[in-house]
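What follows is a single structure, written as C-alpha coordinates, with notes after it.
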Amino acid sequence: MTIASTVSQFLDDHSVSYRVIPHAHSATSRESAHAANVREDRVAKAILLRDNQGLVMAVIPASGSLDLRAVHDETGRNQLEMVPESDLGKTFPDCELGALPPLGQAYGISTLLDSSFGHCDTVYFESGDHEGLVAMDGRDFDQLYQGSHRCDISKDWP
(Lines give C-alpha, C1' and ligand atoms only; values in the text may rest on other atoms or scores of the structure.)
Protein backbone atom coordinates (compact mmCIF):
# COMPACT_ATOMS: atom_id res chain seq x y z
CA MET A 1 0.00 0.00 0.00
CA THR A 2 1.66 3.15 -1.24
CA ILE A 3 0.55 6.49 -2.56
CA ALA A 4 1.87 7.80 -5.86
CA SER A 5 4.49 10.49 -5.27
CA THR A 6 2.72 12.95 -7.60
CA VAL A 7 -0.53 12.47 -5.67
CA SER A 8 1.14 12.82 -2.28
CA GLN A 9 2.92 16.00 -3.36
CA PHE A 10 -0.27 17.46 -4.86
CA LEU A 11 -2.26 16.77 -1.68
CA ASP A 12 0.49 18.20 0.52
CA ASP A 13 0.80 21.29 -1.71
CA HIS A 14 -2.93 21.90 -1.23
CA SER A 15 -2.71 21.34 2.54
CA VAL A 16 -5.47 18.75 2.67
CA SER A 17 -5.63 16.02 5.28
CA TYR A 18 -5.95 12.46 4.06
CA ARG A 19 -5.26 8.91 5.06
CA VAL A 20 -4.61 5.76 3.06
CA ILE A 21 -6.86 2.81 3.80
CA PRO A 22 -5.18 -0.51 3.04
CA HIS A 23 -7.23 -3.23 1.40
CA ALA A 24 -6.79 -6.56 -0.34
CA HIS A 25 -5.48 -6.39 -3.90
CA SER A 26 -8.22 -5.30 -6.29
CA ALA A 27 -8.51 -4.84 -10.05
CA THR A 28 -11.29 -2.23 -10.26
CA SER A 29 -12.58 0.74 -8.30
CA ARG A 30 -15.70 -1.22 -7.43
CA GLU A 31 -13.58 -4.06 -6.06
CA SER A 32 -11.51 -1.53 -4.09
CA ALA A 33 -14.69 -0.15 -2.52
CA HIS A 34 -15.79 -3.63 -1.46
CA ALA A 35 -12.32 -4.59 -0.22
CA ALA A 36 -12.11 -1.41 1.88
CA ASN A 37 -15.73 -1.75 3.03
CA VAL A 38 -16.80 1.67 1.70
CA ARG A 39 -19.74 2.69 -0.48
CA GLU A 40 -19.11 2.53 -4.23
CA ASP A 41 -20.80 5.88 -4.79
CA ARG A 42 -18.18 7.53 -2.53
CA VAL A 43 -15.22 6.15 -4.50
CA ALA A 44 -14.04 8.52 -7.23
CA LYS A 45 -13.05 6.60 -10.35
CA ALA A 46 -10.83 8.17 -13.01
CA ILE A 47 -11.28 7.55 -16.72
CA LEU A 48 -8.71 9.00 -19.09
CA LEU A 49 -9.92 10.16 -22.49
CA ARG A 50 -8.09 11.56 -25.50
CA ASP A 51 -8.59 13.02 -28.93
CA ASN A 52 -6.43 15.04 -31.31
CA GLN A 53 -6.61 17.99 -28.87
CA GLY A 54 -5.09 15.99 -26.01
CA LEU A 55 -6.13 14.34 -22.76
CA VAL A 56 -9.16 14.84 -20.53
CA MET A 57 -9.88 13.02 -17.27
CA ALA A 58 -13.44 12.19 -16.28
CA VAL A 59 -14.05 11.51 -12.57
CA ILE A 60 -17.20 9.56 -11.74
CA PRO A 61 -18.43 7.37 -8.87
CA ALA A 62 -17.29 3.74 -8.95
CA SER A 63 -20.99 2.84 -8.75
CA GLY A 64 -21.66 4.34 -12.18
CA SER A 65 -20.46 4.23 -15.74
CA LEU A 66 -19.25 7.06 -17.94
CA ASP A 67 -21.83 8.79 -20.10
CA LEU A 68 -19.57 9.54 -23.05
CA ARG A 69 -22.33 11.44 -24.84
CA ALA A 70 -22.58 13.79 -21.84
CA VAL A 71 -18.80 14.27 -21.92
CA HIS A 72 -19.00 15.13 -25.61
CA ASP A 73 -21.84 17.59 -24.91
CA GLU A 74 -19.96 19.23 -22.01
CA THR A 75 -16.65 19.57 -23.84
CA GLY A 76 -17.75 19.99 -27.45
CA ARG A 77 -15.11 17.37 -28.25
CA ASN A 78 -16.94 14.60 -30.08
CA GLN A 79 -13.87 12.48 -30.85
CA LEU A 80 -12.88 11.76 -27.23
CA GLU A 81 -12.24 8.07 -26.63
CA MET A 82 -11.00 6.09 -23.64
CA VAL A 83 -7.25 5.64 -23.43
CA PRO A 84 -6.31 1.94 -23.31
CA GLU A 85 -4.97 0.83 -19.94
CA SER A 86 -1.73 -0.25 -21.61
CA ASP A 87 -1.04 3.41 -22.52
CA LEU A 88 -1.55 4.84 -19.02
CA GLY A 89 2.01 4.24 -17.84
CA LYS A 90 3.31 7.00 -20.09
CA THR A 91 1.16 9.63 -18.39
CA PHE A 92 1.15 8.16 -14.87
CA PRO A 93 4.65 6.70 -14.43
CA ASP A 94 4.37 6.58 -10.62
CA CYS A 95 1.14 4.53 -10.67
CA GLU A 96 0.42 0.87 -11.26
CA LEU A 97 -1.56 0.20 -14.43
CA GLY A 98 -5.26 0.35 -13.67
CA ALA A 99 -4.86 2.18 -10.35
CA LEU A 100 -5.42 5.66 -11.72
CA PRO A 101 -5.86 8.46 -9.14
CA PRO A 102 -8.67 10.88 -10.09
CA LEU A 103 -6.44 13.92 -9.79
CA GLY A 104 -5.80 14.81 -13.41
CA GLN A 105 -4.86 18.32 -12.36
CA ALA A 106 -1.86 16.87 -10.46
CA TYR A 107 -0.62 15.50 -13.79
CA GLY A 108 -1.48 18.59 -15.85
CA ILE A 109 -4.65 17.08 -17.32
CA SER A 110 -7.94 18.95 -17.71
CA THR A 111 -10.50 17.27 -15.44
CA LEU A 112 -14.28 16.90 -15.45
CA LEU A 113 -15.80 16.07 -12.06
CA ASP A 114 -19.19 14.39 -11.86
CA SER A 115 -21.55 16.60 -9.88
CA SER A 116 -22.57 13.69 -7.62
CA PHE A 117 -19.53 14.35 -5.42
CA GLY A 118 -20.84 17.76 -4.37
CA HIS A 119 -22.27 16.68 -1.01
CA CYS A 120 -20.17 13.71 0.13
CA ASP A 121 -18.93 13.68 3.72
CA THR A 122 -15.95 11.50 2.77
CA VAL A 123 -14.53 10.67 -0.66
CA TYR A 124 -12.19 7.78 -1.46
CA PHE A 125 -9.97 7.21 -4.47
CA GLU A 126 -7.17 5.03 -5.81
CA SER A 127 -3.80 5.89 -4.32
CA GLY A 128 -1.82 4.77 -7.37
CA ASP A 129 -1.59 1.10 -6.49
CA HIS A 130 -4.11 -1.72 -6.18
CA GLU A 131 -3.99 -2.03 -2.39
CA GLY A 132 -4.88 1.37 -0.97
CA LEU A 133 -7.62 3.98 -1.13
CA VAL A 134 -7.03 7.59 -0.19
CA ALA A 135 -9.78 8.87 2.13
CA MET A 136 -10.45 12.56 2.69
CA ASP A 137 -13.12 14.93 3.83
CA GLY A 138 -15.53 15.78 1.03
CA ARG A 139 -14.90 19.51 1.46
CA ASP A 140 -11.17 18.98 0.97
CA PHE A 141 -11.86 16.84 -2.09
CA ASP A 142 -14.09 19.60 -3.43
CA GLN A 143 -11.33 22.17 -2.82
CA LEU A 144 -8.95 20.17 -5.02
CA TYR A 145 -11.29 20.63 -7.98
CA GLN A 146 -11.57 24.41 -7.86
CA GLY A 147 -11.35 25.47 -11.50
CA SER A 148 -12.38 22.06 -12.82
CA HIS A 149 -15.60 21.63 -14.76
CA ARG A 150 -18.39 19.97 -12.73
CA CYS A 151 -21.15 18.25 -14.64
CA ASP A 152 -23.39 15.19 -14.86
CA ILE A 153 -21.25 12.66 -16.73
CA SER A 154 -22.10 9.36 -15.04
CA LYS A 155 -25.03 7.03 -15.42
CA ASP A 156 -26.19 3.89 -13.67
CA TRP A 157 -24.69 0.61 -14.78
CA PRO A 158 -26.75 -0.87 -17.63
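The values are calculated or read from the model by the stated rules, or taken from the named source; none is laboratory data. Computed from a predicted model, the values in this text were never measured in an experiment. For neighbour counting, all protein chains shown are included, and Cβ atoms are generated from backbone atoms with ideal geometry for every residue, glycine included.
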Inset, instruction - Of the conditions (1) surrounded by 20 or more Cβ atoms within 10 Å (Cβ to Cβ); (2) of a type in the set (Val, Ile, Thr); (3) over 14 Å from Arg30 (Cα atoms), Ile60 clears all except one; give me its number. - result: (3)
Inset, instruction - Look through segment 123-158, keep the residues that are of a type in the set (S, T, N, Q) and more than 14 Å from the chain's Cα centre (by Cα), and return whichever of them is nearest to Ser8 (Cα to Cα). - result: Gln143
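Here is a yes/no grid of residues against (1) in contact with a Ser or Thr (Cβ under 6 Å, 6 or more places away or on another chain); (2) within 20 Å of Ala4 (Cα to Cα); (3) not basic (Lys, Arg):
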residue	(1), (2), (3)
Leu49	no, no, yes
Ser65	no, no, yes
Lys90	no, yes, no
Asp114	yes, no, yes
Gly128	no, yes, yes
Asp140	no, yes, yes
Gln146	no, no, yes
Arg150	yes, no, no
Inset, instruction - Considering only residues that are within 16 Å of the chain's Cα centre (by Cα) and surrounded by fewer than 16 Cβ atoms within 10 Å (Cβ to Cβ), look in segment 22-40 and name the one that is farthest from Asp142 (Cα to Cα). - result: Ala27
Inset, instruction - Could you check Tyr18 against (1) among the hydroxyl-bearing types (Ser, Thr, Tyr); (2) closer than 23 Å to Ser115 by Cα; (3) touching a helix residue (DSSP H, G or I) at 6+ places or on another chain (Cβ under 8 Å); (4) modelled with pLDDT under 95 and say which number it fails? - result: (4)
Inset, instruction - Look at Ile60 and say whether it is touching a residue at least 12 places away in the same chain (Cβ under 8 Å), touching a Lys or Arg at 6+ places or on another chain (Cβ under 6 Å) and outside any loop (DSSP other than H, G, I, E, B). - result: yes
